[in-house]
Each structure stands twice: as C-alpha cells, then as structure tokens.
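A short worksheet on the structure shown next.
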Amino acid sequence: APCNNACPAGENIQQWLYLAEESRYEDAWRQIMQDNPFPAIMGRVCYQPCEGACNRGQLDESVGINSVERFLGDQALMYRWQIEPGPATGKKVMIVGAGPGGLSAAYHLRLLGHAVTVFEASAKPGGLIRYGIPKYRMPREKLNGEIARLVDMGIEIRCGTRVDDILGTRDAGGFDAVVLALGAPLPGRSE
C-alpha cells in the first residue's frame, strides 16, 4: 500500500487501521509496536508522509493516520499495555545515546531477548524529542510514559553517564556488542 511505503518507520498501516476500525485497539497498537515503539510520540511529531500517499485522497480526503496512531498510543499509556521481551539470549548490548535512535534500537534488541544498557550523557532520556520539541507539541508525560515502557521491559537507562572510552566501557561491562546512536546535539558549522 502507498501509505505503508511512505511510512518512515515501516509500519504496516493498513493492518493496524483495519484492527482499529474493528475497535480492536490493543491489537492495533501491538501491530504498530512490531515496527515502532513510540506511537504516542510519532502520532504527535511525525510529518505524515503516509497521509500524502493515502489512496483515499484520490476519492475525497486521506485517512487521518497520524491521529489514529496518536489515539492508539494514548490508549496504551492509559491502560498500561506492555510488550514482553523475547526469551533471554545471554547476550548483552551497550547503546550509547538515549535519543529516538538509541531507544528504538534498545527496544528491538530487547524484543530479540538481549540484555540492553543505554548510556546517556544528558540528565534525561529522549534526545531531541525531549530537548528539541516544545512541551505543547510533545507532552512530557507521553514521552516519559513511552520510555517507562522500555524500562518495564528490562532495558536499563543510565542517564548522566558520558561514555568517553567506548571499547573500555564495553569490555568493563562485558558487552557483546555496541550500538552508537549519538545524535547531533550541536548545530553544524560551515567553514
């Protein structure tokens, strides 16, 4: 479907919209969560390329995909729906950076059953979602709720912990792999 192809998170939009239309909200949310761990966030901040690609727009107007995703994400937070991690693999992964990329990697690795520790230099996780998007656009209780779900899955987030020696930290912690999700907190310079 064109909406699926346009989705930057690769969601199966057709499937979860079908489930939502049937009032199977938790099932729809679980379908989203196969690809995107943050529907309450994405439903607020995504620039909605799926809606521009929606077939329905050729008949009258596109489906409000983003609004439905936000609704499902909010329902999950309100009813405290949880995702279970995969069976333990015995592997440990270190992630540097608790922005959207690092937290998404942590989520998907935890689904696979790996133990995950995220190191974040800032005082709180969330990266640009927290520090770059105003509160009126991205309410902090929604962001905190989405991150709390990851912690409930067993993901450890160490804030205020800058990693200067990646290999040394990896070896000292007994990590099997490292994911660098450093983001771009400083503005670029043209020289």
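The numbers here are math on the coordinates, done by the rules we state, and not lab data. Bear in mind that the values here come from a model prediction, so they are computed numbers and not experimental data. Heads up, the Cβs are rebuilt from the backbone with ideal geometry, glycines too, and the neighbour counts pull from every protein chain shown.
Estimated at 0.36 nm per residue, the fully extended path between Y79 and A148 surpasses their Cα-Cα distance by 23.5 nm.
Counting Lys and Arg as +1 and Asp and Glu as -1 over every other residue whose Cβ lies under 13 Å from the Cβ of N12, the net charge comes to -3.
Counting only Cβ charges, +1 for Lys and Arg and -1 for Asp and Glu, the dipole size of the range 123-182 around its Cα centre is about 520 debye.
A simple count of charges around E26, restricted to other residues whose Cβ falls under 15 Å of its Cβ and scoring Lys, Arg +1 and Asp, Glu -1, yields -2. If you model the range 23-84 as an ellipsoid using its alpha carbon gyration tensor, with each semi-axis the square root of five times an eigenvalue, the axes come out at 23, 12, 10 Å, biggest first. Model label sites at R24 and D165, defined 7 Å from Cα along the beta-carbon direction, differ in position by 5.3 nm. If you find the alpha carbon centre of the range 1-51 and of the range 119-189, how far apart are they in angstrom? Each part's Cα centre sits 24 Å from the other's. Counting only aspartates and glutamates at least 8 places from K92 when in the same chain, those with an alpha carbon closer than 16 Å to its own are E156, D171, D176. Only the Cβ atoms of Lys and Arg (+1) and of Asp and Glu (-1) were treated as charged; on that basis the dipole of the range 1-47 about its Cα centre amounts to roughly 140 debye. Counting only other residues whose beta carbon sits under 9 Å from that of V116, what net charge do I get with K and R as +1, D and E as -1? Net of charged neighbours comes to +1. Which lysines, on any chain, are close to K135 with Cα under 19 Å apart, when same-chain ones fewer than 8 places away are left out? Within reach: K124. Here the range 7-157 is treated with +1 on each Lys and Arg Cβ and -1 on each Asp and Glu Cβ, and its dipole about the Cα centre works out to around 640 debye.
Under a 5 Å amide H cut-off, with hydrogens placed 1.01 Å from N, V118 pairs with I95, E156, I157, R158 among residues at least 5 apart or on other chains.
For the chain, modelled as a GNM whose springs connect Cα atoms under 10 angstrom apart, the maximal fluctuation among A28, A123, A105 occurs at A123.
Sequence-ordered 3J(HN,Hα) estimates for the range 63-77 from the Karplus curve with 6.51, -1.76 and 1.60 and θ = phi - 60° stand at 5, x, 4, 4, 5, 5, 4, 4, 4, 5, x, 5, 4, 4, 5 Hz, glycine and proline given as x.
A helix-only calculation puts the chain at -12500 deg cm²/dmol for mean residue ellipticity at 222 nm, using -39500 (n - 2.57) for each DSSP H run of at least four residues, averaged over all residues.
Taking max minus min of the alpha-carbon positions on each principal axis, the chain gives extents of 58, 49, 28 Å, largest first. For the range 28-42, backbone phi angles converted through the Karplus equation (6.51, -1.76, 1.60; θ = phi - 60°) give residue-by-residue couplings of 4, 4, 5, 5, 4, 5, 5, 10, 10, x, 10, x, 5, 7, 4 Hz, Gly and Pro being listed as x. Give me the mean projected area, in nm² to one decimal, of the convex hull enclosing the Cα positions of the range 69-164. Averaging across all directions leaves 6.4 nm² for the Cα convex hull.
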